[in-house]
Every structure is written in structure tokens, then in C-alpha cells.
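J.: This structure is in C-alpha cells; I'll ask about it shortly.
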Amino acid sequence: MCGIVGGIAERNVWPLLIEGLKRLEYRGYDSAGLAVMARSGQIDRYRAVGKVAALEARVSAEPPSGGLGIAHTRWATHGAPAERNAHPHMSSGRVAVVHNGIIENHAALRQAQRQAGFSFESDTDTEVIAHEIERRLREGLDLFDAVRATVSVLEGAYAIAVLSADAPGRLIAARRGSPLVVGLGIGENFIASDVAALLPVTQRFLFLEEGDLIEVQRDSVRVVDVNGLPAPREETLSSLSAAATEKGHYRHFMLKEIHEQPQAVADTLQGRITHDRVLVESFGPEAMDVFSRVRRIQIVACGTSYHAGLVARYWFEDILGLPCHAEVASEFHYRNPVISPDTLLVLISQSGETADTLAALRQARARQPGLATLAICNAPESSLVRETGLTLMTHAGPEISVASTKAFSTQLVALGLLLTALGKVQGRLDEAQEARIVGGLQKVPSRLVDALAHDEAIRQLAEQLVDKQHALFLGRGLMYPIALEGALKLKEISYIHAEGYPAGELKHGPLALIDETMPVIAIAPQNDLLEKLKSNLAEVRARGGRLFVFADEASGIEDAEGLHVLPVTSNVGRISAPIIFNVPLQLLAYHVAVLKGTDVDQPRNLAKSVTVE
């Protein structure tokens, strides 16, 4: 959600800012802008609605010359998508600011600033930041202290970057609640919302903590913490490369990431299992002790990560007999949850910066000091990882498409490892059961390859859905969360209204929707609920519904009038089945979206990382 890039260098900085913005496009945005400190000392600002390419065309027509600049992609919150609301925002031509997050007390600040003589050009909450810094400069503070005084009165979440005509060799930035990293170069330094933006210029990074305020110059970076004390942050060498964030020969990032799932799963398993055993220590040095004391699981997540948690709920209760509850973070955070001290709070997030998930973590720890917490995350330097006691990193690599695919598969694998580790430590699984689960997980990459081989057949099936307005996804047991995830993918990128439903609930409402215009997509693994699912499918057919069934080869379900069956796998168990059956649903959503001509990687109104409530 939104993206910041900034830099100070000897060379002309605007092409680097544009390249950084392009690498942040996956986060979602509706407008873009940049400001450069010109050699003359004035601030040149450029803004455009739409894609970064529109901004690039505008800047290229009259390119600025300067080595200090900031840039931004905006996802509208306060104020409609419009050039006047695009960042950077300025005050008196003296201060330029870019901002991610939401300033909750912007109305009070705006009123006070109007009374002080400031006028407003935008509808945003961000413009008050620029005016507040300008007000502090007028009081005689230097830029660093003016920004520090400003952030002290801001309420809400923010990552900001500031430049001023008064300080032509300095870039000031701060974060609270929104991510920000520093990229270290030779005679040049950068800031960004995400490592991916800076990979073309450096692989050396500083990851900022909550409340950090920084001053960036060409040859130095100064960091102070929330208390104003010097706080040098450890330098980290990123293992990512610029090529990892490029499409290669694929048409879209989403398709590339779907096909990267076998390797991503293999990478997530690597180093966590050996000789048919799970290495409990891979969750952290205290994992053995923590796991031995756990008597219930509380999973908190958002969106696709929440669906992974719903799958795990079945696993923990069915296989281990451990009580487990999964909840959407935004609901958990606000409903006054009761958390017992023997609970393991599991937080799942691809980015590790999801605002609601972080808020849920902080609230739970405040209510239950000493609570055991575990993060399942794809971003090792994220706030979530830093703030939890135990972690298990998914090794999905960069996921650029807004619609999550390989992150989901690796989250399920990570949860499978957690299930096995807990069962092992507590004696709820014997060695034979552990070996069976580990053996199944080890087969997942090759089974994913087999599932991907059905791509062309799924593309042909997608042609029958492209003109539909609605779709219903059905699953039972472990496949119900996969039905929810399949429906989410279709609605996200094709804009077709889709619902996931437990197949056994058809008679309690959804059956009223069934007719020849309502496609019904069902998931049919070979398990103890298959016969009941077949009865549900018969109910749909009897009412003229068109069925598309992704089935186990041994399911016994065959093509018939109004019934299209695609066997996608065979002989998969409770752990691997949700991972494997999800892939055809990802491909179905992808091909429908391509046929409809939507923006697959950056669907309208959506952002990759939701860093504000």
C-alpha cells in the first residue's frame, strides 16, 4: 500500500527514483510523484495520475538536474485519486514530503494550521505534515529537529521522507507503523518502503525500528530512536537480486509466481527436516520449551493468510487434538478477545507489516504479558518478525503480484511443519506419524509440478467462465478454506463476484442462487467426505447448475451433461491436499482474468501490503 523511494547521490537521482517506483508498483497505487532538489536550490515537483509510466513521461519531457530527491506511489485514503492529492506535498515551496500511512489527528492539525495562515491545496491528511514542518522551520529549528518536533504531534501510522530547500544535502525520514529501509551505497544512500525498490543500486540495508528518525547524507546515515537517543542499526546484506523481482519470460508476475511454487515449497522445507524428522529448533532456540507448554492455538491473519490459518485449524484439532481458533486480525483486534496464558498466538503475514495483524499482536501481548507468539512470514526483517518470540520464515522469495499465490502455499507448508513440531514435542505424534507427515510434505513440490501440467486444460475451462457475473465455490472439510481462497482469487483479479461456501450448507441459502447462469466450482479430493460432496453436487445438477469439478483421479466423478471434471492429482493426504488443490484454482482465476483483459498483477482498488487499517 503506497510506496516511498528517496535518495541522495552525486549523480542525477530522478531515474533511480522512477526505477524504484516501478519496483514498488506491486504494492498498489493510483497516482505517483517525485520531487528533486535542483542545482539552483529550488524544489522541482512532478505528479501524475495513473501509472508510473505517466509520471516518467512527464519528468522526461523536462528532466530535473539534482542528486537529492523523494518519490511516491499513492493509494487513495483521504481525497480522491487526483493530481492535487498526489505526493509529494509541499509547503511554501520550501518543504516537500511523501508519506505512507494515515494521520488520525489531521483534522485538528489542519484547523490549527489554517488559523496560523497556512492554505491547503489537497484533500489529504499528508499536507498537514508539510505545513507542520514548515511551521517548525519558521520557529528557527533545523530540518532534523523540525521533523522530530512534527512527528511528536502526529497520531496514527506513518513512514515519511522530507527534503527542504534549507538543507540541500540532507534527506530526513521517520517511521512508525509503516515500513522503511535504508539502502547503503558508495558515496550515495537511499531509503524505500521495501528492499525490492533499491536492489538495482545496493544489497546493503539498514532496517529501521518503530519510532526511528534518520538523517541521510551522501556519505553517512544518522539514526535516533523514539527517545531521541543515537541508535545505530545493524547492516544487513540482502540475498535478493534485482532479477528476482522481474517477470522473465512470463506474461504476468502472477503466472510466474504460480509456477515458482514447487521451488518455493522446497526452499521452505530445506533445513527444517532431516531423516523424516522435523527440526523443532528451526522455530527458534526456545521452541522446545514453548511448545511443551502450549495447550491451545490462536491464529490471527488477514486475507489469504487467514485462509491458510483456517486450513491449519482443521489440522491442529483433527490430527493433534489441540484446540485451535483462526480469526481475521481486524476482528480479533477489536472484539476484546480472552486469551489464556497457555495459548500460542500464531500470526501469519506475507509482508510482516500488515497493520491489523501487528495491532492484534500488540494488543494480545498487552492483555497477556509473556504470551507465546510465533510469526509465519516471508519478510525476515519485518516488524512482525522482530516483535514475536518465535519465527518460521517462508522462503517464497519476492511476491510481486497483488494476488498471493506462492506465499499461500509456503504458509501452508510452514503450518504443516508447526503441526508436526508441536505434535512431536507434546507426544501427540509418534515417530511413524511424524515420518508419514514429513514424507508427504517432501512430495509436495513434485505434486505441484504435476498440478501445473494441467494449465492448458484449465485455460480452456476458463473460457466458459469469462462472461459470467457470479460464481460459487464449494468444498467440504479442509477444502472449505480452499473454496474461500479460490473465490477470493477470482474476485480479486477478474472482478467476478464469487463466494466460497461449505458444500454441506447449500440447503441453507446458496441453493436459491443455482440456475444455468451460475457456475459452481467444486473441489473433490478422495477422502471420507467425498460421498457427501457427491450428494451436494447432485443437488446442484438437479437445479440446472453448471458444475466444474477439480477432482482426485480416484474420485469416480465423471464428465456428464452440465458437469465438467478435471482430475488434477491423486492419492494426496490431509496435509498436502489443500496445497495441491489450490493451484488449479489459482490458474483458473488467472486465465479468466487474462481473457477478461483486467490488470492481473495490479487489480483495481487493491494493494499488496495493507499497512494501514
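J.: Out of the range 422-440, which residues are within 30 Å of the chain's Cα centre (by Cα) and surrounded by fewer than 24 Cβ atoms within 10 Å (Cβ to Cβ)?
T.: Looking only at the range 422-440, we keep the residues that are within 30 Å of the chain's Cα centre (by Cα), and these are 422-423, 437-440.
423, 438, 439, 440, listed by residue number.
J.: Mind checking which residues of the range 95-122 are closer than 19 Å to residue 151 by Cα, polar (S, T, N, Q) and at pLDDT 90 or above?
T.: 105, 111, 113
J.: I'd like the full set of residues that are open to solvent by 10 Å² or more (accessible area, probe 1.4 Å) and closer than 20 Å to residue 80 by Cα, limited to the range 93-121.
T.: Residues satisfying the conditions are 101, 102, 104, 105, 106, 107, 110, 119, 120, 121.
J.: Return the residue satisfying two criteria in turn: it lies in the range 301-319 and is open to solvent by 10 Å² or more (accessible area, probe 1.4 Å) and under 16 Å from residue 437 (Cα atoms), and of such residues it is nearest to the chain's Cα centre (by Cα).
T.: The selected residue is 314.
J.: Of the residues 20, 33, only one is under 27 Å from the mean Cα position of the chain (by Cα), in a helix (DSSP H, G or I) and within 22 Å of residue 174 (Cβ to Cβ); which?
T.: 20
J.: Restricted to the range 68-86, and to residues that are part of a loop (DSSP other than H, G, I, E, B) and open to solvent by 10 Å² or more (accessible area, probe 1.4 Å), which residue is modelled with the highest pLDDT?
T.: This residue is 82.
J.: Could you tell me which numbered condition residue 465 fails, if it satisfies all but one of (1) free of Cβ contacts under 8 Å to residues at least 40 places away in the same chain; (2) open to solvent by less than 10 Å² (accessible area, probe 1.4 Å); (3) among the aliphatic types (A, V, I, L, M); (4) part of a loop (DSSP other than H, G, I, E, B)?
T.: With (1) free of Cβ contacts under 8 Å to residues at least 40 places away in the same chain; (2) open to solvent by less than 10 Å² (accessible area, probe 1.4 Å); (3) among the aliphatic types (A, V, I, L, M); (4) part of a loop (DSSP other than H, G, I, E, B) applied to residue 465, the lone miss is (1).
J.: While we're here: Where residues in the range 34-53 are touching a residue at least 40 places away in the same chain (Cβ under 8 Å) and touching a helix residue (DSSP H, G or I) at 6+ places or on another chain (Cβ under 8 Å), which of them is nearest to residue 166 (Cα to Cα)?
T.: So the residue we want is 34.
J.: Residue 31 - would you say it is touching an Asp or Glu at 6+ places or on another chain (Cβ under 8 Å), buried (at least 24 other Cβ atoms within 10 Å of the Cβ), of a type in the set (Ser, Thr, Tyr) and without any contact (Cβ under 8 Å) to a residue 60 or more places away in the chain?
T.: When the stated conditions are applied, residue 31 passes them.
J.: Identify all residues within the range 346-357 that are touching a Leu at 6+ places or on another chain (Cβ under 6 Å) and either open to solvent by 30 Å² or more (accessible area, probe 1.4 Å) or not β-branched (Val, Ile, Thr) (or both); write none if there are none.
T.: 347, 349, 352, listed by residue number.
J.: Out of the residues in the range 282-300 meeting the condition of being part of a loop (DSSP other than H, G, I, E, B) and at pLDDT 95 or above, tell me which one is least open to solvent (accessible area, probe 1.4 Å).
T.: Looking at the filtered set, the residue picked out is 294.
J.: Still on this structure, please answer the following. Out of the strands (runs of 3 or more DSSP E) lying entirely within the range 491-574, which hold 2 or more residues that are open to solvent by 50 Å² or more (accessible area, probe 1.4 Å)?
T.: Per the criteria, 497-502, 563-569.
J.: Kindly indicate the residue of the range 359-407 that is β-branched (Val, Ile, Thr) and either without any contact (Cβ under 8 Å) to a residue 24 or more places away in the chain or not in a loop (DSSP other than H, G, I, E, B) (or both) and also surrounded by the most Cβ atoms within 10 Å (Cβ to Cβ) among those meeting that condition.
T.: Ranking the candidates gives 376 first.
J.: Can you tell me which residue is modelled with the lowest pLDDT among those in the range 172-211 that are among the β-branched types (Val, Ile, Thr) and outside any loop (DSSP other than H, G, I, E, B)?
T.: Of everything passing the filter in the range 172-211, 195 is modelled with the lowest pLDDT.
The values are calculated or read from the model by the stated rules, or taken from the named source; none is laboratory data. Since the model is a prediction, treat every value here as computed from it, not as a measurement. Methodologically, a virtual Cβ is constructed for each residue, glycine included, from the backbone with ideal geometry; neighbour enumeration extends over all protein chains shown. These area figures cover heavy atoms from the full protein model, side chains too; ligands, DNA and RNA do not enter into them. Shrake-Rupley method; radii C 1.70, N 1.55, O 1.52, S 1.80 Å.
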